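Trainee: Mind having a look at this structure? Questions to follow.
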Amino acid sequence: RPCCCSTLLARLLCMCRRVPAEPALRIVVSTWNVAQTAPPAEGLGEWLGAGAGADIHAVALQEVVELDSALSYCRCCAGGGLSRQAAAWEAAVSAELGSLERVASLQLVGMVLLVYVSPSLAPHVAVEAQLAGTGPLRFGNKGAVAATLLFKGSSLTFLCCHLAAGKKGPHRRNAEFHEVMRRLRLGGGGTHTGATR
C-alpha cells in the first residue's frame, strides 16, 4: 500500500514495519586455552551446556598442541586436516553438541576453531575460512583463524586469536593484532570452502 509519511525517516520506519522480521538467532561462543591438555574424560557438558538450544555455536581453542619445536607446525598441519590432539577436542565438542551440525573445522598449529549450526540452518550456510599466522616464518603459533558464515544475504565472522603474552607482550600483541587484521578479509573475501561437514 502507498506510504503517506512526509519525512524520509517516517517513510523508512513505515517500510521497516512492512518487512517481515526474520526470527532471531541464538549464537553462543565458547573459548578456552586448553594448555596442551586432552579433553576431560567426564566430557564438556559443564563448559558447553550453556549453549543448549543454540542456532550457532562457535568453539575457539588455543594451545591445543605442544609447541616443542618448529617441526610442530609440520607435524600437525601438513595434511591440511586436524592434528591428533585437535581431532580429540573436535570429537569431544561434537559429542556434546550432538544436535548441531559442524560446518567449519579449522586449525593453525595450536589454534582450533569449530563452528556448529542447527540442522535447519545448515543447508543455507556457506563458509569462508582464513588463517593468519604471525611470529617467525608465520608458523602460526600465534595469529588467528577465522570462519565467516554466509547465509541469507548476511555474513557472520568468528575469529580465534592467540597473540603474544607476558609482561613484554603488549607491544608485540598490538602489532600482531594489527597484522592479523591487515591480512584477513573479514565479512567475506576469504577462501570459500562451502559447508565442511
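Every number here is computed from the coordinates shown, using simple stated rules; none is lab data. All values reported here derive from a predicted model rather than from experimental measurement. Reconstructed Cβ throughout: ideal geometry from the backbone, glycine too, with neighbour counts over all protein chains shown.
Trainee: Work out, step by step, the length gained on full extension between Asn174 and Ser154: first 0.36 nm times the residue separation, then minus their alpha carbon distance; give nm to one decimal.
Mentor: 4.3 nm
Trainee: Take the Cα of Ile27, step 7 Å along the line toward its Cβ, and report every residue of the range 111-133 whose backbone nitrogen sits under 15 Å from that point.
Mentor: Counting backbone N atoms under 15 Å from the label point, the list is 114-118, 125-128.
Trainee: A further question on this structure: In whole Hz, what ³J(HN,Hα) sequence does the range 29-42 give by Karplus (6.51, -1.76, 1.60; θ = phi - 60°), x for Gly and Pro?
Mentor: 10, 10, 9, 7, 8, 7, 6, 6, 9, 7, x, x, 4, 7
Trainee: Once you have the Cα-Cα distance between Gln36 and Arg182, take 0.36 nm times their residue separation minus that, and quote the gain in nm to one decimal.
Mentor: 49.7 nm is the gain from fully extending Gln36 to Arg182.
Trainee: If you average over every viewing direction, what projected area does the convex hull of the Cα atoms of the range 84-138 give, in nm²?
Mentor: Convex hull of Cα atoms, orientation-averaged projection: 4.4 nm².
Trainee: Further question: Got a sec to turn the phi values of the range 92-106 into Karplus ³J(HN,Hα) couplings, 6.51 cos²θ - 1.76 cosθ + 1.60 with θ = phi - 60°, whole Hz, x for Gly and Pro?
Mentor: Listing the rounded values in order: 5, 5, 4, 4, 6, 9, x, 7, 10, 9, 6, 10, 8, 8, 10 Hz.
Trainee: For a Förster distance of 30 Å, can you work out the FRET efficiency between the beta-carbons of Ala52 and Ala165, rounded to the nearest 0.05?
Mentor: Here the calculated transfer efficiency is 0.40.
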